[in-house]
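A.B. asks: Pasting a structure below so you can have a look.
The values are calculated or read from the model by the stated rules, or taken from the named source; none is laboratory data. Quantities reported herein were computed from a predicted structural model and do not represent experimental measurements. Cβ sites come from the backbone with ideal geometry, for glycine too, and all protein chains shown count toward neighbours. Each accessible area value is taken on the protein alone, full model and side chains, heavy atoms only, with ligands, DNA and RNA left out. Shrake-Rupley method; radii C 1.70, N 1.55, O 1.52, S 1.80 Å.
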Amino acid sequence: AVSTPRADESSGLSPPAAQPQAKQRRLEDIRELRLGTYNVLNLFEKVGKHIPDPEHPGRLKKVSERTPKEERQLRDQASAILESRLDVVVLQEVENIAALEEFNSRFLGGAYKTFLIEGNDQRGIDVAFLIKKDLPLQVEQRTNKTELWTDPATGITGKLFSRDLPALIVRAEQETQPLFVLLGTHLKSKRDRPGDPESAIQRRAQVERSAEIVARYEAEFGPDVP
């Protein structure tokens, strides 16, 4: 098992220098992969405080400006990933692919391939993935951000997932059948919505739809694909 470090844990380490390209591992030599998930709490910029907008129910309005995160926090987050020797990482609250690539280059020694599809969050915080470059894997990235639902609290039809439920279809090189499918999630916060205290209705709907989407992948690739 891999524990998920807290974002405020401090190691005092400096950012690693860019490393030479690691020799690619052979698939037949790999006995296990180390997977982790880490909410990085707005990777490079704190997005500012947002509160419900009374003039636009269901939406947020910004009441304070973005501020940069301290570099120490970025170093600590990178150290948590590197010290855990993670092969595959799901990250929540990443601003965009440029921020992810900069984090990988400056603080992870460029050791990972980066994957991010912009999601639905109004503040621009997305779910992303890192996969070690030395793994002999091909990766197909998919999004489920266009999934719709009709909100029973308002009767309005719109996008279900607050961010996205992105998926990586991971295959061995030159193969069509996946080795595994990895989904990253970041459910709606427990902030109240109109007619939905703690967003319990929407959060439950997101979980139920996530299970349905997993079943779709099982139907597409077979139940033996993890």
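A.B. asks: If r is the Cβ-Cβ distance from LEU82 to ARG123 and R0 is 30 Å, what FRET efficiency results, to the nearest 0.05?
C.D. replies: 0.60
A.B. asks: Accessible area per residue of the stretch 118-218 at 1.4 Å probe, in Å²?
C.D. replies: 47
A.B. asks: Ignoring ligands, DNA and RNA, how do SER162, SER189 rank by accessible area with a 1.4 Å probe, largest first?
C.D. replies: Descending accessible area places them as SER189, SER162.
A.B. asks: Would you mind telling me the share, in percent, of accessible area of the stretch 163-226 contributed by carbon and sulfur at probe 1.4 angstrom?
C.D. replies: 53
A.B. asks: Can I ask one more? Could you give me the ³J(HN,Hα) list for the stretch 203-209, computed from phi with Karplus coefficients 6.51, -1.76, 1.60 and θ = phi - 60°, whole Hz, x at Gly and Pro?
C.D. replies: 4, 5, 4, 5, 5, 5, 5
A.B. asks: Also, I was wondering about something else. What shape does the stretch 98-226 have by the C-alpha gyration tensor, where a ≥ b ≥ c are the square roots of the eigenvalues, rounded means a/c under 1.5, and otherwise prolate means a/b greater than b/c and oblate the rest?
C.D. replies: Cα axes put the stretch 98-226 in the oblate bin.
A.B. asks: Could you go through the stretch 137-145 in sequence order and give the Karplus-derived ³J(HN,Hα) for each residue, using 6.51 cos²θ - 1.76 cosθ + 1.60 with θ = phi - 60°, rounded to whole Hz, and x for Gly and Pro?
C.D. replies: Taking θ as phi minus 60°, the curve returns 10, 10, 10, 10, 9, 10, 10, 10, 6 Hz for the stretch 137-145.
A.B. asks: Give me the number: length gained by fully extending GLN177 to GLU28, i.e. 0.36 nm times residue separation minus the C-alpha to C-alpha distance, one decimal in nm.
C.D. replies: 52.0 nm
A.B. asks: What ranking of THR157, THR67 comes out by heavy-atom accessible area, probe 1.4 Å, highest first?
C.D. replies: THR157, THR67
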